[in-house]
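Step one of this worksheet: look at the structure below.
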Amino acid sequence: MSLPSIALPGQLLGPSTHYAPGPGTHIHETQIYASIAGPVVSISQPHLSGAKPSKPAAKPLPLLSVSRPSSTDPYTLGSASDGGSTILPEVDSVVLARITRLSPRFASLEILVIASAVCPTPFQGLIRREDVRATEKDKIKIEESFRVGDLVRGVVISLGDQSNYYVSTAQNEFGVVMAQSERGNAMFPVSWKEMRDARTGVVERRKVAKPF
């Protein structure tokens with residue numbers, strides 16, 4: 001598979017047999033995934049210098065990393081005052097957002113990325129209970145789907161009112177892509193509805209996004 005030019009958190013980048021994980025990435029089940037949003041960079045690593053080996057050393061794997069975008073990146077949004085163009089969320093826009101507040105009926109969020117463009121100022125949005133997943137909507141509990149601080153990939157389904165965009169995570173590829181456990185440790189997905197604490201092994205419920 002070819003490397004993407006820009007990655008979102010949770011996006012599959014390639015196998016660990018072909019690349020070495022670098023900053024902004026992590027390994028899960030021998031596959032390297034992006035941990036942050038940003039441009040993907042592959043750098044060839046030189047052989048280590050030193051004593052002559054008794055047999056030829058294996059060629060080092062290319063170092064794969066995801067760098068954080070800067071204000072000069074071409075896909076970073078600008079404002080009219082600095083010469084850039086303001087991009088707003090539209091229906092069917094894929095977004096990356098952070099959960100900020102939970103209630104029994106919806107989860108509030110801040111939209112941080114639209115498509116592959118980083119927002120200079122977050123947009124406010126909501127995931128309503130009926131938009132969390134496609135099945136058994138009457139059994140959905142917001143507190144079992146998201147937690148404050150979770151990073152979520154979703155799609156804008158309505159421009160909503162003047163203060164909030166409506167976002168859906170109903171499709172398999174949408175949902176939580178990064179989360180911390182109640183103990184503050186990084187978590188990894190074990191199913192579409194569960195994530196595991198990487199240190200303690202404790203499982204917590206989430207509406208998990210299927211990796212790319």
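Figures for the structure shown
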{"quantity": "Some residue of the range 135-146 being closer than 18 Å to Ala209 by Cβ, touching a strand residue (DSSP E or B) at 6+ places or on another chain (Cβ under 8 Å) and part of a strand (DSSP E or B)", "calculated": "no"}
{"quantity": "Residue in the range 167-184 that is on the phi > 0 side of the Ramachandran plot, within 17 Å of the chain's Cα centre (by Cα), not aliphatic (A, V, I, L, M) and not in a strand (DSSP E or B) present", "calculated": "no"}
{"quantity": "Given (1) under 17 Å from Ile27 (Cβ atoms); (2) assigned to a strand (DSSP E or B), number of the condition Pro211 does not satisfy", "calculated": "(2)"}
{"quantity": "Close pairs (7 angstrom Cβ cut-off, 6 or more residues apart or separate chains): assigned by TED's automatic domain parsing to the domain that holds Ala117 and free of Cβ contacts under 8 Å to residues at least 24 places away in the same chain in the range 147-170, assigned to a loop (DSSP other than H, G, I, E, B) and crowded, with 21+ Cβ neighbours inside 10 Å anywhere", "calculated": "none"}
{"quantity": "Every residue from the range 194-203 that is touching a residue at least 12 places away in the same chain (Cβ under 8 Å) and surrounded by fewer than 17 Cβ atoms within 10 Å (Cβ to Cβ)", "calculated": "Glu194, Ala198, Arg199, Thr200, Val202, Val203"}
{"quantity": "Matching residues in the range 16-35 - criterion: being among the hydrophobic types (A, V, I, L, M, F, W, C) and in contact with a Leu (Cβ under 9 Å, 6 or more places away or on another chain)", "calculated": "Ala20, Ile32, Ala34"}
{"quantity": "Selection count where residues are part of a loop (DSSP other than H, G, I, E, B) and touching a residue at least 40 places away in the same chain (Cβ under 8 Å), scope the range 84-132", "calculated": "7"}
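Table: residues versus (1) within 21 Å of the chain's Cα centre (by Cα); (2) of a type in the set (A, V, I, L, M, F, W, C).
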residue: Leu88; (1), (2): yes, yes
residue: Leu102; (1), (2): yes, yes
residue: Gln124; (1), (2): yes, no
residue: Ile140; (1), (2): no, yes
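The values are calculated or read from the model by the stated rules, or taken from the named source; none is laboratory data. Everything numeric in this text was worked out from a predicted model, so none of it was measured. All Cβ positions, even for glycine, are placed from backbone atoms using ideal geometry, and neighbour counts span all protein chains on display.
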